[in-house]
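> Here it is, the structure in full.
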Amino acid sequence: MHTEKIIALVNASIALGQQHRHTEALACLDQAIALNRDFFLLFANKGSVLAAMGRHTEALACFDYVLNLKPDIVQVVQARKWSIDAALAGCDQALVVNPENTSIRYQRGVLLHKLERVDEALACQDAVLEAEPHHIGALTERGTLLFTLNRMDAALACYTQLLALSQTTPAAFAVALFNLANAEQKTGQIVLALEHYRQAAESVPTLLEAKVEQAHCQLRLGNFVQAWPLYESRWGTPQLSAKYLLTPAPQWRGDGSLVAKTILLWDEQGLGDTIQFVRYVAVVAQLAQYVILRVPESLCTVLQTLVGLDGVAMTNLCIISHQQVLPAHDMQCPLMSLPLALGAAFQCIPAHLDSLKMASYLHADEYRATSLNATEPRTIQASQRGLRIGLVWSGQQHPHNPTRDIPLELLIPLTRLKGEFVSLQKNVSEQELILLNSLHIRCLPVDAMADFAATAAVITQLDLVISVDTAVAHLAAAMGKPTWILLRCSGEWRWMQDRTDSVWYPSVRLFRQSVHGDWDGVVASVYEEIASVSEVTGVAGVTKSHSS
């Protein structure tokens, strides 16, 4: 729709930009965006023009919008960094002239936050608040920074102060309630957080993020039937609205028969979410004539092993990647909307997994099953080596998450136990590689884990996987492999509250921080658990693999 006109407007904007006629170039891009906002790269062009005009704050909003949808576009990442640096330099120059200007110092703190220079950003906002104790923007930023630093008590105090200051402004009051609830959720005050999210959504109905977080709280509490309808609000949020897959077919919401119809099921969020929710494909495959499953390319091969309700491969399932053209289909549904569409009987986990305690629904390809042993001939028999344990200490698909990820050196105590340790990290830094070698932790060639099917082939030869909350943990659990997941204090909604097991995966055990940031305590618990049992009986249900 309007494609030719949009292309003409973009070309005109480029030509005008080369002539330094930036205002006219910007007008062309605004016209193009008005024709179709789904061409999100138009915002990258707009950001570049705004940056050339010195309007860096507006440029950053454009770049952030694009990167929220597609975080790995190198040119946009670089343009964003340049724009932040330029804006920061402008703030520094202005503060030399007028060091008491709290507005500029506040903006400087915001920019430092974007660069993830959190401590410096916090110092800026503290300086602003020293001069203006009731500066709403600085209090909001300070709360967010404290939240990022896991200083939850201080964040709660900050948001409580904001709440008192914003009583007369519904929008500001709703945001303050929302932020307060976020901190309460992180500190395990789920019922209180749920109430504050409800109040925020009631105060400003367009704050759909509050409804999404209500859903997360209900899921944590195990109130699945109440949660899934609320969770549909996610498609109205800035984070996900542009990620909804546009096809000519209507969304299936469980209100129509799928007999003699083809349905497209598609991934919507992270790789771990996809692995967790493909379990529902087996249910849909019994209702529809044909199922198309659209997932990232890295998952395509391993999902070929997905089994149906009878435990065998589904003959009416076709798996495609994002790069492939969508085949014709009658209906479509995002994967994480399936629990709601399938009805109350399936809103926790599919009944066959719940009642039969089915150990797995994904498997490793047999032809790859010797990959681990083939990389290095074994001379030690399984009975002599102890457990073979896979380790994952950080996520691979997203930027470093300081609260989820564990520094590799904190896992050193585990290597003192009898056993063989294997790194399941796809990408390892030079510094990590040196440490892995010094600890005699096997680090496999990159092609040994080229995609999730290759990783599954390695996992099938392990006795146990110990991982932070990543897609690899989901993969191991979906394969039925004993999987110990190391969780930050709050954890994700899917692991619920105060549980050491998982309703989603029978083979999972959870080890949680008792104090924010205390990974040492988590690792110590894992160490004691392994050390307390004999090699003969295995580790809490772990049966040693005797591949050699």
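> Of the numbered conditions (1) under 30 Å from Asp501 (Cα atoms); (2) assigned by TED's automatic domain parsing to the domain that holds Gly143; (3) at pLDDT below 95, Pro170 fails exactly one; give the number of that condition.
(1)
> Regarding region 64-82, can at least one residue be identified that is in the same structural domain as Ala52 (by TED's automatic domain parsing), assigned to a helix (DSSP H, G or I), over 30 Å from Lys243 (Cα atoms) and at pLDDT 90 or above?
No.
> Do we find a residue being within 15 Å of Leu340 (Cβ to Cβ), hydroxyl-bearing (Ser, Thr, Tyr) and touching a residue at least 12 places away in the same chain (Cβ under 8 Å) anywhere in region 233-249?
yes
> If I ask for residues that are farther than 18 Å from Phe452 by Cα and assigned to a loop (DSSP other than H, G, I, E, B), which ones from region 251-267 would you list?
Matches in region 251-267: Trp252, Arg253, Gly254, Asp255, Gly256, Ser257, Leu258, Val259, Ala260, Lys261.
So that you can scan it fast, the table gives a plain yes or no per residue for (1) closer than 29 Å to Lys70 by Cα; (2) within 20 Å of the chain's Cα centre (by Cα); (3) hydrophobic (A, V, I, L, M, F, W, C):
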| residue | (1), (2), (3) |
| --- | --- |
| Thr169 | no, no, no |
| Ala172 | no, no, yes |
| Val175 | yes, no, yes |
| Asn182 | yes, yes, no |
| Leu192 | no, no, yes |
| Tyr197 | yes, no, no |
| Gln214 | yes, yes, no |
| Gln218 | no, yes, no |
| Gly236 | yes, yes, no |
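> It is to be established whether one or more residues within region 43-62 are touching a residue at least 40 places away in the same chain (Cβ under 8 Å) and among the hydroxyl-bearing types (Ser, Thr, Tyr).
yes
> Identify, please: which residue in region 179-218 is hydroxyl-bearing (Ser, Thr, Tyr) and under 30 Å from Asp518 (Cβ atoms) and is, among those, modelled with the lowest pLDDT?
Thr187
> I've got another one for you. Could you list, in sequence order, the residues of region 23-58 that are among the polar types (S, T, N, Q), assigned to a helix (DSSP H, G or I) and surrounded by fewer than 22 Cβ atoms within 10 Å (Cβ to Cβ)?
Thr23, Gln31, Thr57
> Now for a different question. I need a count of the residues in region 516-548 that are part of a loop (DSSP other than H, G, I, E, B) and modelled with pLDDT of 85 or more.
Residues meeting the conditions: 1.
> Within region 74-107, count every residue that is crowded, with 17+ Cβ neighbours inside 10 Å and hydrophobic (A, V, I, L, M, F, W, C).
The total comes to 7.
> Just to verify a result, which residue in region 307-321, among those that are under 26 Å from the mean Cα position of the chain (by Cα) and surrounded by 17 or more Cβ atoms within 10 Å (Cβ to Cβ), is nearest to Val283 (Cα to Cα)?
Val307
> Let me ask another. If you scan region 227-242, which residues turn out to be assigned to a helix (DSSP H, G or I) and loosely packed, with under 15 Cβ neighbours inside 10 Å?
Residues satisfying the conditions are Pro229, Ser241.
> Here are some conditions: (1) crowded, with 19+ Cβ neighbours inside 10 Å; (2) part of a helix (DSSP H, G or I); (3) of a type in the set (Val, Ile, Thr). Ile434 meets all but one. Which one does it not meet?
It is condition (1) that Ile434 fails.
> Just wondering, is there one or more residues in region 91-100 that are in contact (Cβ under 8 Å) with a residue 24 or more places away in the chain, in the same structural domain as Leu60 (by TED's automatic domain parsing) and part of a helix (DSSP H, G or I)?
No - not one qualifying residue is present in region 91-100.
> Please find, within region 124-159, the residue that is nearest to Ala79 (Cα to Cα) out of those that are free of Cβ contacts under 8 Å to residues at least 12 places away in the same chain and of a type in the set (A, V, I, L, M, F, W, C).
For region 124-159, the residue satisfying everything is Ala154.
> Let me ask something additional. Quick one: Glu116 ticks every box in (1) closer than 22 Å to His516 by Cβ; (2) part of a helix (DSSP H, G or I); (3) at pLDDT below 95 bar one, so which box is it?
The one condition Glu116 does not meet is (2).
> If Met358 satisfies every condition in (1) modelled with pLDDT of 85 or more; (2) buried (at least 17 other Cβ atoms within 10 Å of the Cβ); (3) more than 30 Å from Ala531 (Cβ to Cβ) but one, which is the exception?
Met358 satisfies every listed condition except (1).
> Sticking with this one: Given the residues Leu408, Leu342, Leu387, Leu417, which is the only one that is within 19 Å of Ile459 (Cα to Cα) and modelled with pLDDT of 75 or more?
Leu387
> For Ala176, indicate whether it is touching a Phe, Trp or Tyr at 6+ places or on another chain (Cβ under 9 Å), surrounded by 22 or more Cβ atoms within 10 Å (Cβ to Cβ) and either of a type in the set (Asp, Glu) or modelled with pLDDT under 95 (or both).
yes
Results for (1) farther than 22 Å from Gly521 by Cα; (2) within 19 Å of the chain's Cα centre (by Cα); (3) among the small types (Gly, Ala, Ser), shown as yes or no for each residue.
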| residue | (1), (2), (3) |
| --- | --- |
| Asp469 | no, yes, no |
| Ala473 | no, yes, yes |
| Ala476 | yes, yes, yes |
| Gly480 | yes, no, yes |
| Arg488 | no, yes, no |
| Gly491 | no, yes, yes |
| Arg499 | no, no, no |
| Ser507 | yes, no, yes |
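> Let me ask something else about it. Would a scan of region 175-187 turn up a residue that is touching a residue at least 40 places away in the same chain (Cβ under 8 Å), hydrophobic (A, V, I, L, M, F, W, C) and assigned to a helix (DSSP H, G or I)?
Yes, region 175-187 has at least one match.
The values are calculated or read from the model by the stated rules, or taken from the named source; none is laboratory data. Everything quoted here is computed from the prediction, not taken from an experiment. For neighbour counting, all protein chains shown are included, and Cβ atoms are generated from backbone atoms with ideal geometry for every residue, glycine included.
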